[in-house]
Each structure stands twice: as C-alpha cells, then as structure tokens.
Amino acid sequence: MNPVTVIRGTGPIILGQPHSGTHVPDDIFARLNDLGQQLRDTDWHVPRLYDGLLANVTIVRANFSRYVIDANRDPSGTSLYPGQNTTELVPTSTFDNELIWHTNPTEADIAHRLESYHRAYHAALEAEIARVKADHGLAVLYDCHSIRSRIPHLFDNQLPDLNIGNNGGQTCAPAITSAVTAACAQSPTYSHVVNGRFKGGWTTRHYGRPEDGVHAIQMELAQRCYLASEAPPFAYDASRANTLRQLLGTILTAVEDTVKSSLMTEI
C-alpha cells in the first residue's frame, strides 16, 4: 500500500490528515499486542467527515497507522508538550498509558519507519504546499484531527468539541484564526477553544510560517461529536456527523473566503 494519498485541488487550502490511517504492515502488526492491534488512538473516519466539504481543496493523507509512526511528531523525538503526558514518535503506549507492543520497536525499526513513512508523508505535504503557494501566492494548511473526549492521562475533564490550535498565534495570520473561531462561535451546538490542551502539533508548528506565505492551523475534534461510541468499533454516526459536517463546511468556506477577500492585504 502507498503510505500516502494525495488528492490535488486547485484552491489555496490543503487538508492534512496524518492520523486517520489504519494500515499496519503484517510484520509490524504481529508485534503489536491485543490492545495495540485495536489501533484505538486512530483519528477515526476523518476522511469521511471532511469529504466533499470544500471544492478544489487538496488533501494529503497518511494511510499508515500512527502506531507504525506518528506523522505529526518531531522526527527528532522532541516532545511537543514538555512536562505534559504525550505519546512518542513511535508510540509505546496508548493515550491511556497502556502498553501496545509485545516488544518495543528498536532504534533501527524507528529509523526505517522514519524513512519509509514519516518522510514520505512530509515529502508529499511539502510538495503540495509548494505547488499551492506557487499557484496562489500563499498556502493554508488546515490539519484535521480527532480524539476521544475523555483521556485522563492526557487532559483533565471533558475536551471541548472543537479545539483550534495555532501555537499561540504563531502559525497563521490572525484573520484566519478569527474566521475559524467566528464560525465556531456562531454554532449553538458545539463548544470550542483556541490553544487549549492542543495548540497545534509538529505539522502545524513546522509548516506554519505566515511571514513566508504558509499558514497552518489545527482542528482537533472531540469524537463524541460524530461517533456512535468512543469505544470499539468506533462506528460512524451519520446523524451526528452530518450536523458536524455542516459546521466544518462553514469553517472551511470562511477560511477560503478570508484568503480570497480584501483581508489578503493584512495576511
């Protein structure tokens, strides 16, 4: 299986989808324990959730599971959230701090996965950012994520529905963040926060360079908003999802309108 899927559009927005993949090569899958083989920390059904919401959008999607290697972690292994619980470049445990391997991956395993998966994903993403920027003079990377609503090992209490991250305002123009938050604020259904527990992962922080015309923003969704249950088999709830999809479509359209409007002069 190709580790990355790229769907090219002609617009200025790129949807990054680094954690929705479930492919695990057979030799790696055999080394996962029963819990690890459930792949429970996947960003379940994110491609379906965003499908068709915005015309001419580009999509860069990792097809491999984050348990193979996490495409949204610093390849050096440096923690995104020093002093807080998180998972590694190649996770050794679930978000609940439960072990997932019979035998942990070796340094050689990690080096191989960096080359074959992590770098493949980011090479594709870098190429699309360069192409879109060449076409439009800028590119907007909207990084699509989801996570279970309650994970005591990672955060207290229940996560807000929509978690917007721009690393403290560093990764995109204020007008883009304002467009996203304004769309969220208009919803009577969903709660939202900016730079709460999730401030943007390595992808957002690495590529977000507004001064160079590359803007990045992360959206972390609480899975209760569109799943039937946040437990296996993590089934998609079409009724819940359709309500959320309406808002996500509004958000993406607001970002596109901002980029195309007179606010461009401020960006």
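Using the structure shown, decide if T189 is in a loop (DSSP other than H, G, I, E, B), buried (at least 17 other Cβ atoms within 10 Å of the Cβ) and not small (G, A, S). Before you say what the answer is, go through the steps one by one.
Values: in a loop (DSSP other than H, G, I, E, B): yes; buried (at least 17 other Cβ atoms within 10 Å of the Cβ): no; not small (G, A, S): yes.
No, not satisfied.
Exactly one residue out of N72, N56, N2 is surrounded by fewer than 14 Cβ atoms within 10 Å (Cβ to Cβ), in a loop (DSSP other than H, G, I, E, B) and either in contact with a strand residue (DSSP E or B) (Cβ under 9 Å, 6 or more places away or on another chain) or hydrophobic (A, V, I, L, M, F, W, C) (or both), and it is N56.
All of (1) within 14 Å of A216 (Cα to Cα); (2) in contact (Cβ under 8 Å) with a residue 12 or more places away in the chain hold for A130 with one exception: (2). Contact map, segment 31-43: first residue over 17 Å from S146 (Cα atoms) and in a helix (DSSP H, G or I), second residue aliphatic (A, V, I, L, M) and at pLDDT 95 or above, Cβ cut-off under 6 Å, separation 6 or more or different chains; pairs are G36/I100. Taking the numbered list (1) closer than 25 Å to R119 by Cβ; (2) touching a residue at least 60 places away in the same chain (Cβ under 8 Å) in turn, L244 passes all entries but (1).
Take L159 and tell me if it is crowded, with 18+ Cβ neighbours inside 10 Å and over 28 Å from G213 (Cβ atoms).
Details: crowded, with 18+ Cβ neighbours inside 10 Å: yes; over 28 Å from G213 (Cβ atoms): yes.
It is true that L159 is crowded, with 18+ Cβ neighbours inside 10 Å and over 28 Å from G213 (Cβ atoms).
Only one of the listed residues (H122, H153, H145) is outside any loop (DSSP other than H, G, I, E, B) and out of contact with any strand residue (DSSP E or B) (no Cβ under 7 Å at 6 or more places or on another chain). That residue is H122.
Which of the following residues is of a type in the set (F, W, Y) and surrounded by fewer than 23 Cβ atoms within 10 Å (Cβ to Cβ): Y67, Y81? Full working, then the answer.
Working: Y67 fails: surrounded by fewer than 23 Cβ atoms within 10 Å (Cβ to Cβ).
After ruling out the rest, the residue left standing is Y81.
From the list H23, H102, exactly one residue is out of contact with any His (no Cβ under 6 Å at 6 or more places or on another chain), over 22 Å from N166 (Cβ atoms), loosely packed, with under 15 Cβ neighbours inside 10 Å and at pLDDT 95 or above. Which is it?
On the way: H23 fails: loosely packed, with under 15 Cβ neighbours inside 10 Å.
So the residue among H23, H102 that is out of contact with any His (no Cβ under 6 Å at 6 or more places or on another chain), over 22 Å from N166 (Cβ atoms), loosely packed, with under 15 Cβ neighbours inside 10 Å and at pLDDT 95 or above is H102.
Within segment 205-226, the set of residues being surrounded by 19 or more Cβ atoms within 10 Å (Cβ to Cβ) and in a strand (DSSP E or B) comprises V214, H215, A216, I217, Q218, M219, E220, L221, A222. Among the residues of segment 156-166, those identified as in a loop (DSSP other than H, G, I, E, B) and in contact with a strand residue (DSSP E or B) (Cβ under 7 Å, 6 or more places away or on another chain) are L159, P160, D161, N166. Scan segment 19-37 and give yes if some residue there is out of contact with any helix residue (DSSP H, G or I) (no Cβ under 9 Å at 6 or more places or on another chain), acidic (D, E) and under 24 Å from A238 (Cα atoms), otherwise no. Within segment 19-37, not a single residue is out of contact with any helix residue (DSSP H, G or I) (no Cβ under 9 Å at 6 or more places or on another chain), acidic (D, E) and under 24 Å from A238 (Cα atoms).
The values are calculated or read from the model by the stated rules, or taken from the named source; none is laboratory data. Just so it is clear, the model here is predicted, and its values are computed rather than measured. Backbone-built Cβ (ideal geometry, glycine too); neighbour counts: all protein chains shown.
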